1. For the stretch 79-108, how many residues are small (Gly, Ala, Ser), closer than 16 Å to PHE285 by Cα and either open to solvent by 30 Å² or more (accessible area, probe 1.4 Å) or outside the structural domain of ILE123 (by TED's automatic domain parsing) (or both)?
2. Keeping to the stretch 28-52, report how many residues are over 21 Å from MET216 (Cα atoms) and either open to solvent by 50 Å² or more (accessible area, probe 1.4 Å) or of a type in the set (Asp, Glu) (or both).
3. Taking into account only those residues within the stretch 194-214 that are in a loop (DSSP other than H, G, I, E, B) and open to solvent by 30 Å² or more (accessible area, probe 1.4 Å), which is farthest from the ligand (Cβ to nearest atom)?
4. Mind checking which residues of the stretch 227-278 are in a strand (DSSP E or B) and open to solvent by 20 Å² or more (accessible area, probe 1.4 Å)?
5. Restricting the stretch 252-298 to residues that are more than 22 Å from GLY208 (Cβ to Cβ) and among the aromatic types (Phe, Trp, Tyr), which is farthest from the ligand (Cβ to nearest atom)?
6. When the stretch 19-38 is examined, which residues are found to be touching a strand residue (DSSP E or B) at 6+ places or on another chain (Cβ under 9 Å), within 26 Å of CYS125 (Cα to Cα) and not basic (Lys, Arg)?
7. Within the group ILE142, ILE78, ILE123, ILE111, which residue is touching a strand residue (DSSP E or B) at 6+ places or on another chain (Cβ under 7 Å) and either among the aliphatic types (A, V, I, L, M) or within 16 Å of the ligand (Cβ to nearest atom) (or both)?
8. Residue under question is CYS168, and the condition is that it be closer than 20 Å to LEU211 by Cβ and either free of Cβ contacts under 8 Å to residues at least 40 places away in the same chain or in contact with a Lys or Arg (Cβ under 8 Å, 6 or more places away or on another chain) (or both); does it hold?
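The values are calculated or read from the model by the stated rules, or taken from the named source; none is laboratory data. Everything numeric here is computed off the predicted structure, so don't read it as measured data. No Cβ is skipped: glycine too gets one built from the backbone with ideal geometry, and neighbour counts run over all protein chains shown. These area figures cover heavy atoms from the full protein model, side chains too; ligands, DNA and RNA do not enter into them. Shrake-Rupley method; radii C 1.70, N 1.55, O 1.52, S 1.80 Å.
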Amino acid sequence: MKVNGRNIRPIWLDDSLKIVKVIDQRRLPHEFVIADLRTVDDVIDAIQKMYVRGAPLIGVTAAYGVYLAALGSVGGNIENGYLIKEGERLKAARPTAVNLSWAVDTVLSEIVKRESRDEKVDIACKEAERIAETEAERCCRIGENGAELIEKISLRKKGRPVNILTHCNAGWLACIEYGTATAPIYAAFQNGIDIHVWVDETRPLNQGARLTAWEMLHQGVKHTIITDNTAGHLMQHRMVDMVIVGSDRTTRNGDVANKIGTYLVALAAKDNGIPFYVALPSSSFDWTIKDGINEIPIEERDPDEVKYVQGLNDGRIRSVLVPSADSPAANFAFDVTPARLVTAFITERGICPATEAGIRNLFPDKGSSGFEQLDFYR
Ligand code: MRU
């Protein structure tokens, strides 16, 4: 997507093919800094500290991590056992987004079949690049499919602005291009639809206020940042026409893990009869589980992220302590929205009801036993 007229992605491989470049999203919107990842440890650090974040981007970054593991190994041969161990370390970096293990396993499944070191390195690089392109393509399709929903509302409203509420950042920064929740917004906006986006600030790390709002600014989409507890009020006053959010992991019957607070937005939407859509690529489905509340691992992060707020002061990014230093805090990073609160999924293959049958209808090729490529673990 464009930033100040220049096309950029949140991740790319530099020309030497030895360094993975990422936008350091912790510093946005006040500083635009590119970080270099050269080793598996760098990749794990960038995922854990959230230089990179958002389910599809975490997956792509970890895929490059497997490539860096192969590249960094010494000697004429690379043991598959070593690569699988490095893959396990990458998968443990953050627990909730399923894209992470999907991407690592996808690259591993290709490289363990190759014999020589050069072949393994070459195929790991190609696979990581392929995953990045595939995710970008999926987001493009999500945009086309979801734009139709926005256009229908616009027609019903006779061209008056369509008010869309979104939570966290499920934009191009979280993916590779277009985003998931934002892809339909960008596509409909390109088609000339009058759109206004309510951006939940998304405490504690403010991905909405810092990242989604920044994206909207650069794409020229009208938007307003609101505190996380404003959604219900806006909905009661018919100031929201639809909600679109992303997902970090969706079970095969449609329970959705997404950024903490998503569940409360879904409840308010249900109570007010407002459609609540989840936009996600197939890489965010976990085909192996059914019960989101009990089976999806929910990341708990450092309580200091709740206690301190970061922002610009005197031209520098600073952190300030909000409560008494001695007050304890808890930092659950995600919650699960049960399928019954989801109006429909917007995927690269089309739109489907949030039911096991609806999902299976769009993805008949995805078995409940998981991925064929997991064979190499046996
Ligand atoms: O903790 P984060 O910033 O990685 O959480 C991101 C989200 O919850 C997004 O909504 C989700 O990954 C969907 S991204 C397209």
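1. Initial filter on the stretch 79-108 (small (Gly, Ala, Ser)): 81, 87, 92-93, 97, 101, 103.
Of the ones still in play, those that are also closer than 16 Å to PHE285 by Cα are 97, 101, 103.
With either open to solvent by 30 Å² or more (accessible area, probe 1.4 Å) or outside the structural domain of ILE123 (by TED's automatic domain parsing) (or both) added as a condition, the list becomes 101.
The total comes to 1.
2. Qualifying residue count, the stretch 28-52: 8.
3. ASP194
4. The answer is ARG249, TYR277.
5. TRP287
6. ILE19, VAL20, VAL22, ILE23, ASP24, VAL33, ILE34, ALA35, ASP36, LEU37
7. Matching residue, one of ILE142, ILE78, ILE123, ILE111: ILE142.
8. On the way: closer than 20 Å to LEU211 by Cβ: yes; either free of Cβ contacts under 8 Å to residues at least 40 places away in the same chain or in contact with a Lys or Arg (Cβ under 8 Å, 6 or more places away or on another chain) (or both): yes.
When the stated conditions are applied, CYS168 passes them.
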